[in-house]
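I have placed the structure first, in the form of structure tokens, so that the comments after it can refer back to it.
The values are calculated or read from the model by the stated rules, or taken from the named source; none is laboratory data. Being a predicted model, the structure only gives us computed values, none of them experimental. A quick note on method: Cβ atoms are made from the backbone with ideal geometry, for glycine too, and the neighbour counts reach across all protein chains shown. The protein model used for the area step is the full one, side chains on, heavy atoms only, and it has no ligands, DNA or RNA in it. Shrake-Rupley method; radii C 1.70, N 1.55, O 1.52, S 1.80 Å.
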Amino acid sequence: MKTSTLTPYAIRKRIAIVLLLTILAVIPLFLSRQPYVMNVFILIFYTSTMSMAWNLLGGMTGQNSLGHAAYMGLGAYVAALFVTKAGLNPWLSMLLSMLIVGGLAGIVFYPCFLLKGPYFTLVSIAFGETIRQFVINWDFAGKATGISLPFGAESFLEFRFMSKAPYYYIGLIMIIGVYLLMRKISKSKFGFALRTIREDEDVASAIGIKPMKYKVYALIVSSMIAAMVGSFYAYYNRYIDPDLMLQSYSVEFVLPAIVGGAAFVEGPLVGGAILITLSEFLRNEFGAILPGINLILYAVVLLVVIRFRPVGLLGWFSESKLKKMIDVKILKKSEKDEEV
Amino acid sequence: MENPIIKVESITKNFKGLKAVSDVSFEIRSGAITGMIGPNGAGKSTTFNMICGYYPPSNGKIFYKGEEITHKHPYEYTNMGIARTFQIMKPLGNLPVVDNVVPSAYFGRYGAKSLKEAREIALDVLNFTGLYEKRKVLAKDMGTPDQKRLEMARALATKPEMLFLDEVMAGLNPAETESAIELIRKINDSGVTIFLIEHIMKAVVSLCEHVIVLHHGEKISEGTPEEVMNDPYVMEVYLGKKGENNA
Ligand SMILES: Nc1ncnc2c1ncn2[C@@H]1O[C@H](COP(=O)(O)OP(=O)(O)OP(=O)(O)O)[C@@H](O)[C@H]1O
Ligand SMILES: [Mg+2]
């Protein structure tokens, strides 16, 4: 679209985006004394990014993996090992970790795509657990004790900071970057191949799409993002152990996408922001009263959302009167904005 | 026949104990509309699926423009210029109609380079197949006639030379059948060779220059629609003198 043809709607939409980005950019300036709140933001950034990685495979391709914690954990381990054992630069280690985990996932997991539906999901759980068991028994990687990353002077090059703000900004860039990538994929030939495979593999084959090939591509991209998030996690917490790969964490990357709306590129973002804020709030408010009650409340909220909005919050929102109202009244959407 | 576009050499398909198709041979003339008829369960779709690479024949060979394609994968057919529809419609239900056709424009022989180009091709094809007005409707929300059309639109958007249609008129009322016949003729006029399976005799007679009859997995007759209809054995099968299915 050329600038000259921008409708009022397009302009207002852009203003809204710029506004949101500005708010996100200045938040650390006001929260520098509140490391806890900063931590929640960082948590939202990397969990939502993981959820987008999951959603490429689950939401867009229809391959429901429950092994994504293992990709992230493996990414964290590979990066941490490069940093601690080989003394490599953390940024370079992150890149290597992405390449190694992506390659490994593509090669090792390849045969799993011969399985479909729930069988695929089961194998992805087994696959994740295998990696975890391997790491637990791996002397070089510290077995169950895990790996600590060296502390030291603050340095961007060393991916090491005293305050949370730099991690916040790196996390923010990560989530925005991955979001833009997902949007690009969604509108690309690749994205259409993935959606066709999700809807019907026979149809995909009948119009020249090789399902196996594109499923593996999606897995490689997805696991590379997971490895990036894993590396970030390792540098941020400066300590990792095999619990990172617990299967229950995989579920935490699935939920934001499902609750937000797996059919939408924005689903994991909306779901991630809401779910993490909610679970942190519940933990603070209720966790101390009766241990575990926060988890029960969390589960209830999940049940209600999934029961009444199976297409996710965005699925509901995109059809709702609220959106229409916002579009027409605030963003001045007109007929012209409805193309195709 | 001189240079048939498709040549089938005594193909057989066994499903476990069942012989669904046995020793069937025929040829499809380039540029023509060829039909296949036969009672329910005769093995028509099975024959069709073998030719389209959906499953390999247990025996026999299949040639496309003289080249053997017996063991090609279905996704290799698009580039060769062969497209198909499914008897049991397979709409990409959760996607709008236009997005059902866009993937064909990307992966077919138009080889669209951008979403804009792919959309243009898709909209052209939707226009051609009479689905333009429905372009924004979710595919699963359409009725049978439109889903049948969508099957054809999706196949056409790959820009085939050879189109396989499996009962695209089943479940249509007479008026809808009439317009489907028109559409098929229009596709053929645009230079696409067509092979179709159909139960509706009127359609077969008005469209096909050559008809193949299957019964119990065997080819029992072939020729012009007239020849076939007057074949005593075919009449016997169709009139059910021996208590067979009638179509
Ligand atoms: N995948 C399969 N596995 C086992 N048996 C099959 C399979 N597909 C078809 N058959 C059997 O093969 C025979 C031929 O079926 P086919 O679908 O080819 O018939 P058809 O002529 O297309 O019939 P219709 O007019 O009902 O579509 C039937 O007895 C059917 O039950
Ligand atoms: Mg059939």
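For the range A:180-198, check the following and say yes or no: at least one residue is open to solvent by 50 Å² or more (accessible area, probe 1.4 Å), within 18 Å of the chain's Cα centre (by Cα) and more than 14 Å from chain B (Cβ to nearest Cβ). Yes: one or more hits. In the set (1) open to solvent by 10 Å² or more (accessible area, probe 1.4 Å); (2) outside the structural domain of B:V213 (by TED's automatic domain parsing); (3) more than 21 Å from B:L172 (Cβ to Cβ), B:L92 fails one condition alone, (1).
Listed by position, the helices (runs of 4 or more DSSP H) enclosed by the range A:1-101 that each have at least 1 residues that are more than 24 Å from A:T130 (Cβ to Cβ), touching a Gly at 6+ places or on another chain (Cβ under 8 Å) and of a type in the set (S, T, N, Q) are A:35-55. Restricting the range B:81-92 to residues that are assigned to a loop (DSSP other than H, G, I, E, B) and within 14 Å of B:R149 (Cα to Cα) leaves a set whose member that is nearest to ligand 1 (Cβ to nearest atom) is B:Q87.
Evaluating B:K113 against the criteria (1) more than 10 Å from every other protein chain (Cβ to nearest Cβ); (2) over 19 Å from B:G191 (Cα atoms); (3) open to solvent by 10 Å² or more (accessible area, probe 1.4 Å) leaves one unmet condition, (1). The single condition from (1) within 18 Å of the chain's Cα centre (by Cα); (2) more than 28 Å from B:M235 (Cα to Cα) that B:G60 fails is (1). Just so you know, in the range B:74-96 the residues that are of a type in the set (A, V, I, L, M, F, W, C), within 16 Å of ligand 2 (Cβ to nearest atom) and in contact with an Asp or Glu (Cβ under 7 Å, 6 or more places away or on another chain) include one that is farthest from the other protein chains (Cβ to nearest Cβ), and it is B:M89. Of all residues in the range B:3-16, those satisfying the criterion of being basic (K, R) and either within 16 Å of ligand 2 (Cβ to nearest atom) or assigned to a loop (DSSP other than H, G, I, E, B) (or both) are B:K13, B:K16.
One residue stands out among those in the range B:169-198 that are of a type outside the set (S, T, N, Q), out of contact with any strand residue (DSSP E or B) (no Cβ under 7 Å at 6 or more places or on another chain) and in a loop (DSSP other than H, G, I, E, B): the one that is farthest from ligand 1 (Cβ to nearest atom), which is B:G191.
Of all the listed residues (B:V213, B:V192, B:V234), the sole one being within 16 Å of ligand 2 (Cβ to nearest atom) and either open to solvent by 10 Å² or more (accessible area, probe 1.4 Å) or assigned by TED's automatic domain parsing to the domain that holds B:T46 (or both) is B:V213.
Here B:G171 does not qualify as in contact with a Lys or Arg (Cβ under 8 Å, 6 or more places away or on another chain), modelled with pLDDT under 95 and more than 23 Å from B:M201 (Cα to Cα). Note on the range A:199-224: among residues that are more than 21 Å from B:K90 (Cβ to Cβ) and open to solvent by 10 Å² or more (accessible area, probe 1.4 Å), the one that is farthest from the other protein chains (Cβ to nearest Cβ) is A:M224. Of the residues making up the range B:97-110, those that are more than 7 Å from chain A (Cβ to nearest Cβ) and either open to solvent by 40 Å² or more (accessible area, probe 1.4 Å) or more than 23 Å from B:I184 (Cα to Cα) (or both) are B:R109, B:Y110.
Applying the criterion of at least 3 residues that are within 16 Å of ligand 2 (Cβ to nearest atom) and away from chain A (no Cβ under 14 Å) to the strands (runs of 3 or more DSSP E) found wholly in the range B:17-73 leaves B:18-28, B:33-37.
Within the range A:311-331, residues that are farther than 25 Å from A:L275 by Cβ have Cβ atoms under 6 Å from residues that are basic (K, R) and in a helix (DSSP H, G or I) in these pairs: A:L331/A:R12; A:L331/A:K13, counting only partners at least 6 apart in sequence or on another chain.
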